[in-house]
1. When you scan the range 36-54, do you find a residue that is part of a strand (DSSP E or B), of a type in the set (A, V, I, L, M, F, W, C) and exposed (fewer than 13 other Cβ atoms within 10 Å of the Cβ), even just one?
2. Scan the range 79-119 for residues that are among the hydroxyl-bearing types (Ser, Thr, Tyr) and either surrounded by 14 or more Cβ atoms within 10 Å (Cβ to Cβ) or at pLDDT 75 or above (or both) and jot them down.
3. Please go through the range 22-36 and give me each residue that is touching a residue at least 24 places away in the same chain (Cβ under 8 Å) and under 24 Å from the mean Cα position of the chain (by Cα), ordered by number.
Amino acid sequence: MLECIYKIRLAIAEKNRLYIDFSKTEELNPCGTILLIAAIETALTNGVDVIASYPKSDAAEQMLQHINILQRLGLEGRKVVDNKMVTRWAYHTDIEASFDDNSFENIANLIIEWTNADENEVPLLTGISEAVTNIQHHAYKEETPRKTWWLFLCREDDTLMLAVCDLGKGIPKTLPKTIRERLGSEAENTLKRLHIFDITKTDSRMIQAALAYGRTRTEHEHRGKGLAQMQSVAMENAEGFFAVHSRRGTLVYMKSEERERLLNYRDPVPGTIVLWKIRLPSEGIRK
């Protein structure tokens, strides 16, 4: 998948025509799918001529049709989308939305509709709000004209899974600048305390440092605590799961283990993906 994303981004940079062969695609996971959607839509927005083939897998074709990717690539939606593994997913994308905008209210309504719960009973709304705010303020360069983000939502029985993605600079790149902008003369002490510039500092440890920084922040309440506030969604749920993928690092938190696991990879993920998985209260499940 990352190789495919790399080729798409290369085509964007070089303005080359792009062919995507979906014929061998059999299944799509949330993080890989949202990243693929983001890359394809960015290519189309940047004027890249993209053509593609249909998947041989019925489920894969239904999924790509369900999230409108085939249609965006000029392929006819020829399936009846009835696979339960596909219809349980919902998808949304937006540009520079904030929690108070109508576009974000649409997402809140989407989650509420799928969970059949009052908005105050869906803690993911807080996490999404913080993720989108982070994209607005930190993920992209200031001069970037389209600060786009993507959301993937799935409900299966009493479990809700949600992923938010951007194609910005990534947490390991933005954290030092963010701390300096917020703390001014006190920034260097914080950077040293978090070991930001240690020669052995991996991308996953940079994500962990961003979490640690968020937990100790005493800034204005309306600005939130970044990743720490996003993580709290999982920490407050008995079966909560939280993961952050950025550049070559991944941080995973599971409430059942009460600890963070760090993973590092050879190939970088463009931007950042935040993933939550929580168990809904029984009264909040749509039958």
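1. Of all residues in the range 36-54, those part of a strand (DSSP E or B) come to 50-52.
With the extra rule that they be of a type in the set (A, V, I, L, M, F, W, C), the set shrinks to 50-52.
Now restrict to residues that are exposed (fewer than 13 other Cβ atoms within 10 Å of the Cβ): 51.
Yes, the range 36-54 contains a residue that is part of a strand (DSSP E or B), of a type in the set (A, V, I, L, M, F, W, C) and exposed (fewer than 13 other Cβ atoms within 10 Å of the Cβ).
2. Start the filter on the range 79-119 by keeping residues that are among the hydroxyl-bearing types (Ser, Thr, Tyr), which leaves 87, 91, 93, 98, 103, 115.
Correct list: Thr87, Tyr91, Thr93, Ser103, Thr115.
3. Selection gives Phe22, Thr25, Glu26, Glu27, Leu28, Pro30, Cys31, Gly32, Thr33, Ile34, Leu35, Leu36.
The values are calculated or read from the model by the stated rules, or taken from the named source; none is laboratory data. Quick caveat, the model's predicted, so the values are computed rather than measured. Glycine also receives a Cβ, built like all others from the backbone with ideal geometry; neighbour counts cover every protein chain displayed.
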